[in-house]
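A.B. asks: So that we are looking at the same thing, I have put the structure below in structure tokens.
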Amino acid sequence: MKLNLTDDTLQVELNLWEQFWAVSFKKILTIPLSHIVQVSPAEPTSNWAQVRAPGTFLPGVIKAGTYYNSEGKEFWYATPGKDYLTVELRDEPFKRIVLTIDNAWDWVNRIQGEI
């Protein structure tokens, strides 16, 4: 997974396997910086009441794809051994994007510096 910051967007680029596990036909998720409400290195709560549609979930291994809960639609790509990056959004199809990446704190600081 690659993250890119442009002048006015955050881009999340998924490789072929990440697209496969997330059941995502989009290679690049593009989010206008003006639609980012908050960015955090905190792991959001995840519970049994979330509906996966479509995606992959293997406890302790991977949570990837589109999930629905009482707060709306979320995109997850989380695997163990990396840090969480949680991006809260407005005026977007996803209310939240949750990723696990290396150097999440660096990305939090970079994104916050841009928004």
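The values are calculated or read from the model by the stated rules, or taken from the named source; none is laboratory data. Only a predicted model underlies this, so the values are computations on that prediction, with no experimental measurement involved. Counting neighbours? That spans all protein chains shown, and the Cβs are built from the backbone with ideal geometry, glycine included. Side chains included, ligands, DNA and RNA excluded: accessible areas come from the protein's heavy atoms. Shrake-Rupley method; radii C 1.70, N 1.55, O 1.52, S 1.80 Å.
A.B. asks: Restricting attention to region 1-53, which residues are in a helix (DSSP H, G or I) and either open to solvent by 70 Å² or more (accessible area, probe 1.4 Å) or over 23 Å from ASP91 (Cβ atoms) (or both)?
C.D. replies: LEU16, TRP17, GLU18, GLN19, PHE20, TRP21, SER34
A.B. asks: Within 16 Å of ILE101 (Cα to Cα) and touching a residue at least 12 places away in the same chain (Cβ under 8 Å): is that true of ILE31 in this structure?
C.D. replies: Judged against the criteria, ILE31 is not a match.
A.B. asks: For region 68-110: of the residues being among the aromatic types (Phe, Trp, Tyr), open to solvent by less than 90 Å² (accessible area, probe 1.4 Å) and outside any strand (DSSP E or B), which is nearest to LYS26 (Cα to Cα)?
C.D. replies: PHE94
Conditions tested, residue by residue: (1) of a type in the set (D, E, K, R); (2) at pLDDT 95 or above.
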| site | (1), (2) |
| --- | --- |
| THR56 | no, no |
| GLU71 | yes, no |
| LYS82 | yes, no |
| LEU89 | no, yes |
| TRP107 | no, yes |
